[in-house]
Amino acid sequence: MTVQSTEFELDLPEHEAPSPRAIVLRRARHHSGFLFGSCGLGLIILLALAAPLLAPHNPIEQNLLARLQPPVWAGTGDWNHVLGTDQLGRDYLSRLLYGAQLSLLIGISAMIISGLIGTLLGVLAGYFGGRVDLVITFIITSRLSMPIVLIALAVAAIFGSSLQLVIVILGFLLWDGFAIVARSSTLQIRDADFLLAARSLGMPAWRLILFELLPNIKDALIVVATLEMAHAILLESALSFLGLGVQPPRPSWGLMIAEGKDYLFFEPWLIMIPGAALFLLVMSINLLGDGLRDISAPEGRS
């Protein structure tokens with residue numbers, strides 16, 4: 001019996017390496033922290049946007065006859081006020097939903113302002129170097145030497161407290177993280193081949209920075225943005241707790257905690273409910289930022 005050896009040419013396509021986007025999506029699907037953070041933040045954003053539809057009562061409407069009603073799971077609670085009422089008879093669920101709007105508004109607005117300032121300074125310092133880098137580094141060092149809370153308290157005490165002032169204060173005090181990361185990232189790639197090629201073609205510096213450099217450092221800046229957003233929300237809550245942040249009757253979570261501290265031993269849910277909401281929001285943002293850092297890293301940290 002003879003065996004003939006026959007060669008078969010398999011006309012199969014060569015194995016293609018997965019695209020960077022596919023790699024990032026695969027990492028995201030298997031990163032529990034990123035999934036929990038994105039779901040938690042997405043749920044809070046959805047509830048905040050739907051607050052006018054979901055809130056059963058006006059968040060600033062007072063009813064002294066219904067003051068300090070406990071939540072529905074307590075013995076004397078009722079479904080008309082699911083999370084109970086505060087010391088002025090205002091519905092706690094409605095205030096919690098509208099408070100999410102304020103927290104997200106302050107966090108996002110302060111993050112945008114600080115991101116623009118810090119990214120601009122950091123990119124200029126890293127790209128041009130020399131005296132520009134020395135001056136901006138001195139500005140960053142000076143900012144890092146200033147205590148944020150004390151400065152915010154002093155400014156709020158001098159100029160008064162308002163929502164707009166809180167956003168401006170936090171925006172102008174939280175840019176240092178963006179500046180440090182943008183500067184270090186720019187220093188790493190400013191002599192890369194694609195940037196040298198763009199310079200040799202005569203591309204102006206502003207166009208090179210805007211269209212070539214920034215897209216290559218955006219991942220690091222996105223991570224910083226999530227962390228600074230959580231930082232801004234915590235600082236706003238601290239200022240509101242001290243009476244120098246968002247003023248009544250606006251439903252701020254920090255203000256709700258401050259108003260409920262006098263009833264801590266008798267009605268602890270007045271502090272526990274907004275405190276738990278604030279904890280969930282900040283934890284979700286931090287987990288989202290940590291997950292973005294892991295899934296966007298070239299080595300694929302987990």
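Restricting attention to the stretch 149-162, the residues being in a helix (DSSP H, G or I) and open to solvent by 20 Å² or more (accessible area, probe 1.4 Å) number 9.
For the stretch 225-232, the criterion of being modelled with pLDDT under 90, crowded, with 16+ Cβ neighbours inside 10 Å and of a type in the set (Gly, Ala, Ser) is met by none of the residues.
Here's a check for you: in the stretch 17-31, which residue that is open to solvent by 90 Å² or more (accessible area, probe 1.4 Å) and assigned to a helix (DSSP H, G or I) is nearest to LEU83 (Cα to Cα)? Once the filter is applied, the top-ranked residue is ARG29. Would you confirm, using the coordinates I've provided, whether THR137 is within 30 Å of MET283 (Cβ to Cβ), polar (S, T, N, Q) and in contact with a helix residue (DSSP H, G or I) (Cβ under 9 Å, 6 or more places away or on another chain)? In short, no.
Residues in the stretch 174-216 that are of a type in the set (Gly, Ala, Ser) and either within 16 Å of PHE138 (Cα to Cα) or open to solvent by 80 Å² or more (accessible area, probe 1.4 Å) (or both): GLY177, ALA179, ALA182, SER184, SER200.
Starting from residues that are touching a helix residue (DSSP H, G or I) at 6+ places or on another chain (Cβ under 6 Å), in contact (Cβ under 8 Å) with a residue 40 or more places away in the chain and more than 20 Å from GLY107 (Cα to Cα), keep the ones in the stretch 242-287 and report whichever is surrounded by the fewest Cβ atoms within 10 Å (Cβ to Cβ). Here the answer is TYR263. Scan the stretch 101-136 for residues that are over 13 Å from the mean Cα position of the chain (by Cα) and either assigned to a helix (DSSP H, G or I) or buried (at least 19 other Cβ atoms within 10 Å of the Cβ) (or both) and the total you get is 22.
Applying the selection to the stretch 163-180, what residues are part of a helix (DSSP H, G or I), within 16 Å of LEU221 (Cα to Cα) and touching a Gly at 6+ places or on another chain (Cβ under 7 Å)? Hits for the stretch 163-180 are ASP176, GLY177, PHE178, ALA179, ILE180.
The values are calculated or read from the model by the stated rules, or taken from the named source; none is laboratory data. Model, not experiment: these values are computed from the prediction. FYI the Cβ positions are ideal-geometry reconstructions off the backbone, even for glycines, and counts take in every protein chain you see. These accessible areas exclude ligands, DNA and RNA; they are computed on the full protein's heavy atoms, side chains included. Shrake-Rupley method; radii C 1.70, N 1.55, O 1.52, S 1.80 Å.
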